[in-house]
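The next block holds one structure in the form of structure tokens; read it before the comments.
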Amino acid sequence: MGKAVVAIAGSSGLIGSALAAALRAADHRVLRIVRRTPANSEELHWNPESGEFDPDALTDVDVVINLCGVGIGRRRWSGAFKQSLRDSRITPTEVLSSAVADAGVPTLINASAVGYYGDTRDRVVDENDPAGMGFLAQLCVDWEAATLPAQYAGTRVVLARTGLVLAPAGGTLRPLRPAFSVGLGARLGSGRQYMAWISLEDEVRALLFAISNPTLSGPVNMAGPAPVTNAEFTTAFGRALNRPTPLMLPGFAARAALGEFADEGLLIGQRAIPTALEQAGFQFHHNTIGEALSYATARRDQISHNSGHREHARRNPPPGRARCQVAPPTTAQTDRSAPACHAEDTQPAQQQG
């Protein structure tokens with residue numbers, strides 16, 4: 001597509017800030033949907049709790065992207081916290097979906113998560129598989145259902161089921177780095193549970209691809225092509241940091257420390273693959289967990305250098321090699337709290353909701 005006007009809810013989270021930067025670098029106009037009084041013409045005000053959002057604000061918008069959602073691992077789960085996980089996702093989505101329908105916005109890209117599939121054990125799943133069981137799976141089902149007003153209005157709706165986001169700063173690795181950096185990284189329980197992961201760079205590239213590719217609609221797994229077990233991830237992360245990973249955290253210890261979240265978010269997993277993206281022609285920069293972790297643990301100067309090589313190769317492909325369809329810039333962004341709503345990168349939803 002040409003230069004687009006893209007409105008983002010949750011633009012200050014890990015994914016949102018990286019996506020906004022990539023869109024601006026490609027000369028698209030980015031509007032931030034915020035709770036506070038707008039600071040300039042590039043911000044749109046809303047209050048999702050009260051349903052306050054003027055559809056007229058979206059009149060000239062081509063794409064709305066909703067990345068709202070409180071991170072599932074922020075604290076030990078209680079009844080009130082579980083309700084906040086639902087309220088921070090479903091209510092904002094209902095408000096945005098209705099506004100998109102009323103304004104006739106052509107495209108809505110809404111965050112979801114591979115947690116939709118529940119515990120898949122070693123079974124490979126893609127976008128054609130049904131929802132699983134459990135709190136987080138049901139949360140994803142209800143989250144996606146909140147986009148129905150836009151779907152009924154004829155809007156192209158992409159349900160971005162994101163896996164664990166691996167980033168140089170923030171994301172899944174942030175709470176793990178201290179222990180792994182001193183050789184205390186440990187597999188969780190049996191270590192046989194699968195982890196669907198994606199690098200932050202590829203997550204942003206996949207979202208840009210979804211914006212520009214009209215053939216994509218419905219559920220789209222935003223996850224790398226090679227999910228790994230927790231044991232494999234633990235070994236790979238230790239290797240990326242040049243540290244041993246001989247330890248194991250028993251399941252009972254994880255449950256004692258984290259309660260229900262351990263069973264819902266850590267000791268189960270999803271072996272989800274990105275069928276929809278790959279069939280549409282998307283090409284990942286990081287195809288293996290080793291490549292993704294090398295990117296996520298590299299120094300910033302190395303990341304910029306490697307990205308520059310990829311961009312040069314994209315612009316000057318060798319004879320007979322097809323150009324990659326979408327290649328936005330590298331996105332090594334910091335994880336900041338979102339003033340609009342918490343966009344904890346929606347990564348909550350690999351094992352999240």
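Every number here is computed from the coordinates shown, using simple stated rules; none is lab data. What you see is a predicted model; the values in this text were computed from it and never measured. Cβ: placed from backbone, ideal geometry, glycine included. Neighbour counts: every protein chain shown.
Going by how many other Cβ atoms sit within 10 Å of their own, how do TYR295, TYR152 line up, fewest first?
The fewest-first ordering by Cβ neighbours comes to TYR152, TYR295.
What's the FRET efficiency of GLN83 with ARG121 using the Cβ-Cβ distance as r and R₀ = 22 Å, to the nearest 0.05?
Rounded to the nearest 0.05, the efficiency is 0.15.
Determine, from the Cβ-Cβ distance of ARG243 and TYR152 and an R0 of 41 Å, the FRET efficiency 1/(1 + (r/R0)^6), rounded to the nearest 0.05.
With a Förster radius of 41 Å, E is 0.20.
Which shape class, rounded, prolate or oblate, goes with region 190-305 when its Cα gyration tensor gives a ≥ b ≥ c as root eigenvalues, a/c under 1.5 marks rounded, and past that a/b bigger than b/c marks prolate?
Judged from the Cα gyration tensor, region 190-305 comes out oblate (a/c at least 1.5, b/c at or above a/b).
What is the order of GLU278, GLU94, fewest Cβ neighbours within 10 Å to most?
Fewest to most other Cβ atoms nearby, the residues stand as GLU278, GLU94.
For region 122-191, take the convex hull of the Cα atoms, compute a quarter of its surface area, and give me that in nm², please.
If you wrap the Cα atoms of region 122-191 in a convex hull and average its projections, you get 7.4 nm².
Tell me, what ³J(HN,Hα) does each residue in region 52-68 have, in order and in whole Hz, if you take phi through Karplus 6.51 cos²θ - 1.76 cosθ + 1.60 with θ = phi - 60° and put x for Gly and Pro?
7, 6, 7, x, 4, 5, 9, 3, 9, 8, 8, 9, 10, 10, 10, 10, 6
In vacuum, with every alpha carbon of region 181-231 counted as one equal point scatterer, what does the Debye formula give for log10 I(q)/I(0) at q = 0.13 Å⁻¹? Two decimals, please.
Values, matching the q order: -0.47.
Can you pull the one-decimal nm distance between simple spin-label points at ARG36 and ARG174, each 7 Å off the Cα toward Cβ?
My value for the distance between the label points is 1.8 nm.
Would region 201-266 count as rounded, prolate or oblate if I go by the C-alpha gyration tensor, calling it rounded below 1.5 in a/c and otherwise prolate when a/b exceeds b/c, oblate otherwise?
Judged from the Cα gyration tensor, region 201-266 comes out oblate (a/c at least 1.5, b/c at or above a/b).
I need the shape label for region 1-72. Rule: rounded when a/c is under 1.5, else prolate if a/b > b/c, else oblate, with a, b, c from the alpha carbon gyration tensor.
Oblate, because a/c is 1.5 or more while a/b does not exceed b/c.
Please report LEU176, LEU108, LEU67, LEU249 as a ranked list, fewest other C-beta atoms within 10 angstrom at the top and most at the bottom.
Ordered by Cβ neighbours within 10 Å, fewest first: LEU176, LEU249, LEU108, LEU67.
Sort out for me the Cα centre separation of region 247-261 from region 145-184, rounded to whole Å.
23 Å
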